[in-house]
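Enquirer: The structure is given below, and queries will be raised subsequently.
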Amino acid sequence: MSPMDNDNLLKSPQVRDFMTVAVEFCVFTEKAESYKREDILSYYQKISPLLYLKGAVLPPLMPSNPEALQRFVNEHDWERVFNNLRDKIGIENDAVKVARPDDENPGNPVSTVSLAEQISDVYQDMKDCVMLFSKNTDDARENALSEIHKLFGVHWGPRLILIMQAAHDLLYSAQDQNESSIF
């Protein structure tokens, strides 16, 4: 692709929409400890399919200078987000059952995941992309979008599906328990 093609992609509505949702995801995640558990679950139930959709329509992009790729979220940042989410979600955080192949037990199509871990992993990818894109140079923006596009298929895309499923299950299992106790 010529630089002009990349320039047009960087300014496309798909990229603008994706970045808007990614920023919102990061801002909420960084402040999650200030929300109630139900509000956190409700937020991730709604933002996950939106972020997935915005990521799925991102155009592929070949960076002109791949050496400009940078990471910003370090282990300490990830652990802070993870611990805050784990504390807010509570005991059910590690008991979320999802239907997906389990490499360690291929005969069992159901495994458990940590919801806080899945959210923290997506946060890391989104925050790295947002920070690099905000550097406001073509090299940085091209690398941010190229990397986030690549990671969609193998990292954060599948995690968003798990987050949506887990948040849905936790929200509606609590609702079912509340409704059954009324009668």
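Enquirer: Order these peptides, 52-61, 164-173, 119-128, by their mean beta-carbon neighbour count within 10 angstrom, highest first.
Expert: Put in order of decreasing packing, that is 119-128, 164-173, 52-61.
Enquirer: Something else now. For segment 1-72, what does the relative contact order come out to in percent, with C-alpha contacts under 8 Å and a separation of six or more?
Expert: That works out to 54 percent.
Enquirer: Next question. Gain in length, Ser173 to Asn83, computed as 0.36 nm per residue apart minus the alpha-carbon separation, to one decimal in nm?
Expert: Gain on extension, Ser173 to Asn83, equals 30.1 nm.
Enquirer: Moving to a separate point now. Over 22 Å between Cα atoms: which of Lys88/Lys150; Lys127/Lys150; Lys54/Lys88; Lys11/Lys31; Lys54/Lys150; Lys46/Lys135 fall into that group?
Expert: Beyond 22 Å between Cα atoms: Lys88/Lys150; Lys54/Lys88; Lys11/Lys31; Lys46/Lys135.
Enquirer: Which order do Ser111, Ser42 take by accessible area at a 1.4 Å probe, largest first?
Expert: Greatest to least solvent exposure: Ser42, Ser111.
The values are calculated or read from the model by the stated rules, or taken from the named source; none is laboratory data. The structure displayed is predicted, hence computed values, not measured ones. FYI the Cβ positions are ideal-geometry reconstructions off the backbone, even for glycines, and counts take in every protein chain you see. We work out accessible area using only protein heavy atoms, side chains counted, and drop any ligands, DNA or RNA first. Shrake-Rupley method; radii C 1.70, N 1.55, O 1.52, S 1.80 Å.
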